[in-house]
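The next block holds one structure in the form of structure tokens; read it before the comments.
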């Protein structure tokens, strides 16, 4: 009976194999329009790819560029029970709701060519339209030599390819102001519409150099219009698509009708492949971006030969596919018959030999089991021996590290002691004190690492002992945050404690918990960028206190979270450290019967959570510390902060201020030391931070590197020179770029000087002194009538500032409430910015300018004998006649009455 059942099962299996075929799928394809060659090429590519999958049916619908029609067609496809929907949207916004509806119904959606306005789709296949626009922009800039006029003809405004290509073109031309887009036309992807729009504007630009049309038909229409209106000029035309064939734009480039075209693959084959991977539960990517390239006269011949050959080969493949389909039908029939015959033959053999096979197999299995048991016993003994030896080796290593750690403590003590004594002395130079502080900082850091290794060894050997006491957790964390406040302010990190608890008593070992939270904060500051945030949350959850350290830094991958608390583990983002900090923290927390956990996502920050039970019932009596032995762990020096240096001799307040923006710490320190005795020097290591500091402090001169994180030196220079607050500041670009073209680019950004590396320190010092001296020559210390003379040599923006400032003051000279703050508010500047800009341009403060203009008007009014002194004081904004007389005499050396008598 058993043999008959086995034979029947095998026969059924082979019969099933004979009839097994690929699952049948119905795919709906909604095309925005099928009226152009590019769309037809997409459909052809999709049909060719699906030809390799049997029993797969493609239902095609053409919306003829009508969004409302396309929505109805998609709803019809969904009602017909398709397994997957492929959509090439006519417009993003109108098609988004129906595509979301399909996606939420469980129908996979593959969006082709044009994107929707939401992420609710299964996969996207299409060219990188932003890169297409950017590539065309860069090619146009090179083609025009960086100077010229162009017109852009876009597709439908609400379609993603049109907006993305436009955005890419704008970004590519943003750094090339000499190339002007004189017009942007809406061609709606149609040749006739593009021609009509172009005819309206083209006659206004007889000196036009180039036209960029966002597809091939609009490009051909643009060429026809150019030939009609300007038959004698060869205006360059660039299109997009790169279609092969007799009527494609590759042929247009080859024939010289258009200058170039950006290759934009149809993505038909790729969309079909992604669709089949989705239906067959195979891996696939959600975003499938196709590459682009420029086709022009330099490569069109080769590309045309290749595409013509590909078309010919594709026709041959289609003919061969038809023959293959015929052969497959014959093969399927013959294979089914062969499987049936083979199955019957196998059944007959099995029925005759299964009994003998079972007997032999049982004996073989018994022998193998006995052999395996013997091998397992031998391997177990070997593993025990290896484990014992490994434990001995580990113990030896730990003993070695413990001993060497103890040996480190003596020389470290001998280093830190003399350094601390030297720092107490007040007769050392600032440079020596700075170097001594550096030695102290790194020696303290080394001592901290040695102590960390020794703590870990104590835990491994079980010799560490708790000394718990009742502490206010909120006050404890606030105290722990103090060493990090200076670092947070320097790096502009939002560092705060978030809790609703005014106080909470928790029993813990202060020294251990100090090391735990200090390590978590050190890691948070290490992986959090400048201008980031680090929050410490304290809350009570039942009988536990929960303390979390949260940051928005580089985050944790799944592998990092799995191995974060393993000894010596270092994630891919970690470039420093021993790998002991988090494992040691976990051991300390677990000694308190608590837990520590890590969470986060890659690129989105991390959060480490420590949970400790409240009360002291979970501790042994020997774990409780005596009152006499309770000490604060904050007596030690914070590892991350430098020792506080002795205050240096203050520089004179009237020294010019210089801002250094340089990301190389060594070079920044060198230049800072070079200039600090002559100027008030401030520094920044990031381009964006340096620009913000310029706007905030308005220095007298900026020395800036070109290659910087955040924002490069050329962008900083352009931003400073175009802003009213900083347009007067001289800028020196300090960089390793030394070619003539790069230097010209720096001067085009309106830099005042371009110094290449390596540079002479004396030359840099003299250059700064020369620029500041030349700026001083442009100032005029005589306000009032002399203000116009002081404008000589100023930029257009600075002249406008001086004129506006003087006009605002003159309009309110009779107002005693006229203040610097009100003037700054009217000009959009702060009090400090207004004062520094006025002083830099005119040599004096804003209050001096107000006073001089009032006295100038007073002199004019004194020539009128009909006006009394009180009236003149009132019309010039002085609060009283006596105050007016005092100020006038102080300024001119005579009283107003005597001045009037002399002038009358």
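Separation of the range 228-269 and the range 74-130 by C-alpha centroid, Å?
30
May I ask you to work out the translational diffusion coefficient for the range 657-778 at 20 °C, viscosity 1.002 mPa s, via Stokes-Einstein with Rh from the Kirkwood sum over Cα pairs, reported in whole µm²/s?
After rounding, the answer is 152 µm²/s.
So between residue 422 and residue 374, what do we pick up on full extension, going 0.36 nm a residue minus the alpha carbon distance?
Gain in length upon complete extension: 10.1 nm.
Please tell me the relative contact order of the range 657-778 in percent, rounded to the nearest whole number, where contacts are Cα pairs under 8 Å and at least six residues apart.
21
Rounded to the nearest whole Å³, what is the per residue volume of the convex hull around the Cα atoms of the range 245-330?
Taking only Cα atoms, the range 245-330 has a hull volume of 121 Å³ per residue.
Based only on other Cβ atoms within 10 Å, what is the fewest-to-most ordering of 118, 554, 30, 429?
Going from sparsest to densest Cβ surroundings: 429, 118, 554, 30.
What is the range 152-230 by shape, rounded, prolate or oblate, if you read a ≥ b ≥ c off the alpha carbon gyration tensor as root eigenvalues and call it rounded for a/c under 1.5, prolate for a/b larger than b/c, and oblate otherwise?
oblate
In what sequence do 324, 235, 99, 376 fall when counting other Cβ within 10 Å, fewest first?
376, 324, 235, 99
Please give the FRET efficiency for residue 891 paired with residue 807, using the beta carbon to beta carbon distance and R0 = 25 Å, rounded to the nearest 0.05.
E between residue 891 and residue 807, to the nearest 0.05, is 0.65.
Based on other C-beta atoms within 10 Å, arrange 589, 132, 744, 201 from fewest to most.
By the 10 Å Cβ count, ascending: 744, 201, 589, 132.
Work out, step by step, the length gained on full extension between residue 367 and residue 496: first 0.36 nm times the residue separation, then minus their alpha carbon distance; give nm to one decimal.
Stretched out fully, the residue 367 to residue 496 stretch lengthens by 39.4 nm.
Quote the FRET efficiency, to the nearest 0.05, computed for residue 44 versus residue 325 with a Förster distance R0 of 25 Å and r equal to the Cβ-Cβ distance.
Given R0 = 25 Å and the Cβ-Cβ separation, E is 0.90.
Cβ neighbours within 10 Å, averaged per peptide: list 125-131, 829-835 in order, most packed at the top.
125-131, 829-835
Which order do the peptides 495-505, 595-605 come out in when sorted by mean C-beta neighbours inside 10 angstrom, highest first?
Descending mean neighbour count gives 595-605, 495-505.
Just report the Cα centroid separation between the range 145-205 and the range 684-707, whole Å.
36
Bear in mind these aren't lab numbers, they're just calculated from the coordinates by the rules spelled out. All of these numbers come straight from a predicted model, not from anything done at the bench. Here Cβ is always computed from backbone atoms with ideal geometry, including for glycine, and neighbour counts include all displayed protein chains.
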